[in-house]
Amino acid sequence: MTFSGPELAYLGTQRLGRLATVQSDGSPQVSPVGFSYNQELDTIDIGGFNMSRSQKFRNVVRDGRVAFVVDDVVSTEPWRVRCLEIRGVAEAVPDEGNPEPGHDRSIIRIRPQRIISFGIDQTDQEPHLMTPHNRNVA
């Protein structure tokens, strides 16, 4: 399994993340996206309105390098944040059916290669003493 139990639990509570893709000129594009964890494939799947017509989908078709971030602010007194960054390779999976306009079921599927988590499994730790957990995954 790529993700730890606390990371999977955290992903299950969140609905929105930010996907960074590489544009044709090499510059980054960041988009807010909905996502789900695909337990069968151990991937992050990103879908959305007219996905196959989006710039992010075209970017992934051309260059599959991506970064995906899910984060939130748990508290401001004391300041406490949680963050999960997933770097990896994405694949543009087209909808093979005949989608109606706006109901395109194409997805971007992320296969993690590096995971950086912060504040997810250190819920009792003093905020300024928390450390990120960085690891490469197969």
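Using just its DSSP H runs of length 4 or more, each adding -39500 (n - 2.57), the chain gives a mean residue ellipticity at 222 nm of -3500 deg cm²/dmol after division by all residues. For the chain, the longest stretch holding no trypsin sites (Lys or Arg not before Pro) located in a DSSP loop with at most 14 other Cβ atoms within 10 Å is which? The longest uninterrupted stretch comes out as 16-104. When a 1.4 Å probe is rolled over the protein heavy atoms, the share of accessible surface on the range 3-86 that falls to carbon and sulfur comes to 54 percent.
Between F49 and R114, the simple spin-label model (points 7 angstrom out along Cα→Cβ) gives 3.4 nm. Note on the chain: with a GNM built from Cα contacts shorter than 10 Å, the maximum mean-square fluctuation among D124, D42, D95 falls on D124.
Taking every protein chain into account, the 1.4 Å probe leaves L129 with about 110 Å² of accessible area, to the nearest ten.
The loop-placed GluC sites (Glu not before Pro) in the range 1-110, going by DSSP, that have at most 12 neighbouring Cβ atoms within 10 Å of their Cβ come out as E40, E96.
Largest mean-square fluctuation among V60, V30, V70, in a Gaussian network model of the chain whose springs join Cα atoms under 10 Å apart, belongs to V30. When H133, H128 are compared by accessible area of protein heavy atoms, the largest-first order is H128, H133, using a 1.4 Å probe. Accessible surface for the chain, divided over its residues, is 58 Å² per residue with a 1.4 Å probe. In the calculated pair-distance distribution of the range 1-102, the portion above 23 angstrom amounts to 33 percent of the Cα-Cα pairs.
The values are calculated or read from the model by the stated rules, or taken from the named source; none is laboratory data. Model, not experiment: these values are computed from the prediction. Cβ atoms come from the backbone with ideal geometry, glycine included; neighbour counts cover every protein chain shown. Accessible surface is based on the protein model in full, side chains and every heavy atom, while ligands, DNA and RNA are left aside. Shrake-Rupley method; radii C 1.70, N 1.55, O 1.52, S 1.80 Å.
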